[in-house]
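Student: Can you keep this structure in mind? I'll have questions shortly.
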């Protein structure tokens, strides 16, 4: 059996925190996993910033509801689901991703959890496990599945390394230059061809 593992933000949907930064006018929230390699460090920084500016989970969810998935993303996922198994591996949170999952036809998502503590007035995040994307691919491979992966950020590198075959999708230049072995596809039609040829 064959399975496609995709990152969510930057591949299928806009970057959530960039939109939050735009809506709140908090420039420090523009940093993403394309800029910071350590995801826990990045999230801890975001928690402090959100607390300082009074940004709650409810506010973030409202901003996310304003966004659409990328043009062609739903059709691309439908194409995959007709032919292979599909898993979205993301370092987002289930509490953030519900809006996008509805627009994408409810694909399987492995993510983390986040909540808002009313007493401390702080966001609190809970990682499902460290290096969760790579470990998910390892687990799928242990089930004798052939895995193809695609992502665009530093936190996708270990996932790409663990897959049988992998590619960047719309990754920024700084990441592409460090890991040229993964190429960099730009259109869903190109990724579709890559999947068809390599799974």
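Here, each number is a calculation from the coordinates, and none is a lab measurement. In this text, all values refer to a predicted model and were calculated from it rather than measured experimentally. Glycine gets a Cβ as well: all are built from the backbone with ideal geometry, and neighbour counts include every protein chain shown.
Student: List 182, 94 from most exposed to least, where exposure is judged by having the fewest other Cβ atoms within 10 Å. Intermediate values should be presented prior to the final figure.
Tutor: Numbers: 182 22, 94 15.
The order, fewest Cβ neighbours first, is 94, 182.
Student: Do the sum for the chain: with -39,500 (n - 2.57) for every DSSP H run of n ≥ 4, divided by all residues, what is the mean residue ellipticity at 222 nm, to the nearest 500 deg cm²/dmol?
Tutor: Values: 9 runs with 87 residues, N = 199.
After summing the helix terms and dividing by the residues of the chain, the value is -12500 deg cm²/dmol.
Student: Quick one: angle between helix 94-103 and the longest Cα principal axis of the chain, in degrees between 0 and 90, rounded to 10, please.
Tutor: 50 degrees
Student: Hey, fewest Cβ within 10 Å first, where do 194, 100 land in order? Could the numbers behind the result be given before it?
Tutor: Details: 194 18, 100 25.
So the residues, fewest neighbours to most, are 194, 100.
Student: Right, another one. Just to be sure I understand: with springs between alpha-carbon atoms less than 10 Å apart, which residue in 33, 120, 24 has the highest mean-square fluctuation in the Gaussian network model of the chain?
Tutor: Result for the chain, Cα springs under 10 Å: 120 fluctuates most.
Student: Fewest to most neighbouring Cβ within 10 Å: what's the order for 101, 159?
Tutor: Details: 101 18, 159 26.
Listing 101, 159 from fewest to most nearby Cβ atoms yields 101, 159.
Student: Mean-square fluctuation check for the chain, GNM, Cα pairs under 10 Å: which of 171, 139, 149 is largest?
Tutor: Checking each option, the largest mean-square fluctuation is seen for 139.
Student: Now a separate question. Just the Kirkwood number for the stretch 99-160, please: inverse of mean 1/r across all distinct Cα pairs, in Å, one decimal. Present the calculation step by step, with values, prior to reporting the outcome.
Tutor: Values: mean 1/r = 0.0713 Å⁻¹.
Mean inverse Cα-Cα distance, inverted, gives 14.0 Å.
Student: Can you give the alpha-carbon Rg of the stretch 132-199 over 2.2 N^0.38 Å, where N counts its residues? Before the final figure, lay out the partial values.
Tutor: Working: Rg = 11.7 Å, N = 68, 2.2 N^0.38 = 10.9 Å.
Against the empirical 2.2 N^0.38 Å value, I get 1.07 for the stretch 132-199.
Student: Taking the Cα atoms of the stretch 20-65, what is the range of coordinates along each of the three principal axes, in descending order and whole Å?
Tutor: Principal extents (largest minus smallest coordinate, Cα): 27, 18, 16 Å.
Student: Calculate the length of the line joining the C-alpha centroid of the stretch 28-67 to that of the stretch 141-199, in whole Å.
Tutor: What the calculation gives is 25 Å, centre to centre.
Student: To continue, here is another question. With Cα Rg over 2.2 N^0.38 Å as the read-out, I listed (i) 1.25; (ii) 1.01; (iii) 1.19; which label goes with the value calculated from this structure?
Tutor: Derived directly from the coordinates: (ii).
Student: Can I ask one more? Considering Cα pairs under 8 angstrom that are at least six residues apart, work out the relative contact order of the stretch 1-103 and quote it in whole percent. Provide the component values of the computation, followed by the final result.
Tutor: Numbers: 86 pairs, mean separation 47.1, N = 103.
Once divided by the residue count of the stretch 1-103, the mean separation gives 46 percent.
Student: Please report the antiparallel percentage of DSSP beta bridges with both residues in the chain, rounded to the nearest 5. Please list the in-between numbers first.
Tutor: Numbers: 5 of 24 bridges.
Around 20 percent of the beta bridges assigned by DSSP in the chain are antiparallel ones.
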